[in-house]
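See below for the structure under consideration.
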Amino acid sequence: MLRASYYVEPTELDLLVFEKLVPADHYLRQVKAHIDFEVFRTELASCYNPDEGRPADDPVLMLKLGFLAFHYNLSDRRVLAETQVNVAFRFFLDLSLDSQLPHPSLLSVFRSRLGETKYQRVFAGIVEQARTLGLVKDHLRLKDATHVIANIAVPATIRLVAQTRKQLLEAARPFAPEPVAKEEARASTIHTVTADLEEPERLLQRVNHLREILAWVDPLFHGLAEGTDPQDASLQALERALHLAHKVLADRDDPEAGDKLVSLADPDARVGKHGDYFTGYLLDVAMDAHSQILTALNVLPANGNEAADASALIKQEEAAQHNDVEALSIDGAGFRGELLREWQDKAGLALAVYVPPTQLPQPNGRFVASDFILDETGKRLTCPGGKQTGARVRNRKDTGWRYEFARTACANCPLRSQCLGSGDQKRARQVDKNDYEAEYAAARAKVDTPEYAAVRHQHPGIERKLSEFVRRHGGRYARYRGRERVGIQYYLTGLVINIKRMVRLLRPTPPSAACSVGT
């Protein structure tokens, strides 16, 4: 529970020390002057039981300690050690010289208590303060992502299966100790008898053993779930272990699966490609082009759909700020017809989208898809020679129709060489008509406009902002494990970066040298 009040009036000695030792232009003085952390007290208090438990440490103090830790790249233990002796920290935290500090472990407890959702609201609250100060405009959002390397050592597949088996047996032990003991003995035997075999055979033996364990643990769990409290910690651990075991086996069944679990230590991490292959997450952000303040961010698995997440970022901001974003600038990953249609839908986000189009094939003198005309029904296609066809199937990506003309129609066509070249005379022309041709054409036409040039001139600003995450705040590597904890890391880092930008924009402009000479 929380105390009625945490405020302690600073003594005259405190005020004198702060005045003498903390410079007037110190960064933390400016943060304290411009940013209102107290406004989050009600939001933070909702995470505590009002009647039970011992009185907790001030949640606003804990939030501000998190801010200091991420601003100065300090660990939980280090930020409290620094606060013990750093007068500027104590001034910023509203602590007197005699104030006691919380134990470092409580910072981790505090992050877990708030969770990603509360940190997202705090992040949105800082953006709202920037909007109230007139810094954030609704005209244009710049969107991009960068990769985050997971805080794990990636095990070999055979080790991953063995770890999964061990975790499942540990979770099942409270409910079936004797069967678990037998399976552990068998696991030891498998380890011994397969020691000299090739790795594929060793892996197969362990995969088969895991399947056999699941054959009796699955019904065991379902039977327990009917008569046990669903909040029981042991039952929840068994459920998580079962889920991971099924996931590991499903990945083995589908070697081409693109969403493979790679580690039990961080089961949310995935393998992705962002330049090179990596294991971890994607940090996806949207930024106001006018103020260079981040307006929304999200953490995705490494194989997440970065382009489609633009919708989530805009919706996240508009839900929190109750505003209406007008335009979006995104890199070439966003040149996808279904996304262009979604973003520009007048009944939806209604965004003006600026995206570099993919290059069209170089003209070779032959007819291209745009030379073939669909009728008003959209079901019959006419070629440049006047022949028609209604024979069509959906293409492999399900993004349009593939039309095929009859061989007899193409055989004696005078335009055959411009359509099919001089190859096999039995071939017939196939033409793909994309469902999103209008969206692609509009995006290509926009490239030649002054507005497009102006927007793309601003786009590198988002890349510099991502560079700030990486170079100034250790953003290339995850501090924690699990997507939600990594999300908390980047909401805190985003909050720090936004506050730095706000302080810079609100800092009074010093008089020029020319003005000072005449005074």
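The values are calculated or read from the model by the stated rules, or taken from the named source; none is laboratory data. Here the structure is a predicted model, which means the values were calculated and not measured. Ideal geometry is used to build each Cβ from the backbone, glycine not excepted, and the neighbour counts take in all protein chains shown. To get the accessible areas, we keep the full protein, side chains included, count just its heavy atoms, and leave off ligands, DNA and RNA. Shrake-Rupley method; radii C 1.70, N 1.55, O 1.52, S 1.80 Å.
Side notes on the structure shown:
- All strands (runs of 3 or more DSSP E) inside region 267-350 with 1 or more residues being farther than 30 Å from residue 134 by Cα: 270-274, 276-288, 294-301
- Checklist (1) more than 23 Å from residue 482 (Cβ to Cβ); (2) assigned to a helix (DSSP H, G or I); (3) open to solvent by 60 Å² or more (accessible area, probe 1.4 Å); (4) not small (Gly, Ala, Ser) applied to residue 113, failing item: (1)
- From the list 191, 147, the lone residue that is open to solvent by 20 Å² or more (accessible area, probe 1.4 Å), of a type outside the set (Phe, Trp, Tyr) and within 30 Å of residue 351 (Cβ to Cβ) is 147.
- Residue 276 vs. criteria in contact (Cβ under 8 Å) with a residue 40 or more places away in the chain and within 27 Å of residue 333 (Cα to Cα): no
- Scanning region 411-456 for residues that are in contact (Cβ under 8 Å) with a residue 12 or more places away in the chain and assigned to a loop (DSSP other than H, G, I, E, B) gives 413, 414, 415, 421, 425, 426, 427, 428, 429, 435, 436, 447.
- Every condition in (1) closer than 30 Å to residue 500 by Cα; (2) in contact with a strand residue (DSSP E or B) (Cβ under 8 Å, 6 or more places away or on another chain); (3) modelled with pLDDT of 95 or more is met by residue 268 except one, and the failing one is (1).
- None of 64, 32 is open to solvent by less than 50 Å² (accessible area, probe 1.4 Å) and in contact (Cβ under 8 Å) with a residue 24 or more places away in the chain except 64.
- Identity of the residue in region 220-265, among the charged types (D, E, K, R), over 22 Å from the mean Cα position of the chain (by Cα) and more than 19 Å from residue 175 (Cα to Cα), that ends up modelled with the lowest pLDDT: 256
- Exactly one residue out of 332, 385 is open to solvent by 20 Å² or more (accessible area, probe 1.4 Å), of a type outside the set (Lys, Arg) and in contact with a Leu (Cβ under 7 Å, 6 or more places away or on another chain), and it is 385.
- Matching residues, region 126-137, being in a helix (DSSP H, G or I) and either buried (at least 18 other Cβ atoms within 10 Å of the Cβ) or more than 23 Å from the chain's Cα centre (by Cα) (or both): 126, 127, 129, 130, 131, 132
- Meets criteria (in contact (Cβ under 8 Å) with a residue 60 or more places away in the chain, open to solvent by less than 60 Å² (accessible area, probe 1.4 Å) and assigned to a strand (DSSP E or B)) for residue 164: no
- Test: residue in region 381-393 that is hydroxyl-bearing (Ser, Thr, Tyr) and not in a loop (DSSP other than H, G, I, E, B): yes
- Scanning region 282-312 for residues that are on the phi < 0 side of the Ramachandran plot and either open to solvent by 10 Å² or more (accessible area, probe 1.4 Å) or touching a Pro at 6+ places or on another chain (Cβ under 6 Å) (or both) yields 289, 290, 298, 300, 301, 303, 304, 305, 306, 308, 309, 312.
- Among the residues listed as 367, 335, 372, the single one being under 30 Å from residue 308 (Cα atoms), touching a residue at least 12 places away in the same chain (Cβ under 8 Å) and touching a Pro at 6+ places or on another chain (Cβ under 9 Å): 335
- Of all residues in region 340-371 being modelled with pLDDT of 95 or more and of a type in the set (Phe, Trp, Tyr), the one that is farthest from residue 319 (Cα to Cα): 354
- When 249, 264 are screened for being touching a residue at least 12 places away in the same chain (Cβ under 8 Å), of a type in the set (A, V, I, L, M) and in a helix (DSSP H, G or I), only 249 passes.
Conditions tested, residue by residue: (1) of a type outside the set (A, V, I, L, M); (2) in contact (Cβ under 8 Å) with a residue 40 or more places away in the chain.
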{"residue": "379", "(1), (2)": "yes, no"}
{"residue": "391", "(1), (2)": "no, no"}
{"residue": "394", "(1), (2)": "yes, no"}
{"residue": "403", "(1), (2)": "yes, no"}
{"residue": "458", "(1), (2)": "yes, yes"}
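- Subset of region 1-15 (residues that are modelled with pLDDT of 85 or more and either open to solvent by less than 90 Å² (accessible area, probe 1.4 Å) or β-branched (Val, Ile, Thr) (or both)): 11, 14
- Of the numbered criteria (1) in a helix (DSSP H, G or I); (2) of a type in the set (Gly, Ala, Ser); (3) surrounded by fewer than 20 Cβ atoms within 10 Å (Cβ to Cβ), the one residue 99 fails is (1).
- Which listed residue, of 79, 154, is of a type in the set (A, V, I, L, M, F, W, C), at pLDDT 95 or above and either touching a Pro at 6+ places or on another chain (Cβ under 9 Å) or not in a helix (DSSP H, G or I) (or both): 79
- Residue check, residue 327 farther than 30 Å from residue 150 by Cβ and open to solvent by less than 60 Å² (accessible area, probe 1.4 Å): yes
- The sole residue among 159, 202, 211 that is in a helix (DSSP H, G or I), of a type outside the set (Asp, Glu) and free of Cβ contacts under 8 Å to residues at least 24 places away in the same chain is 159.
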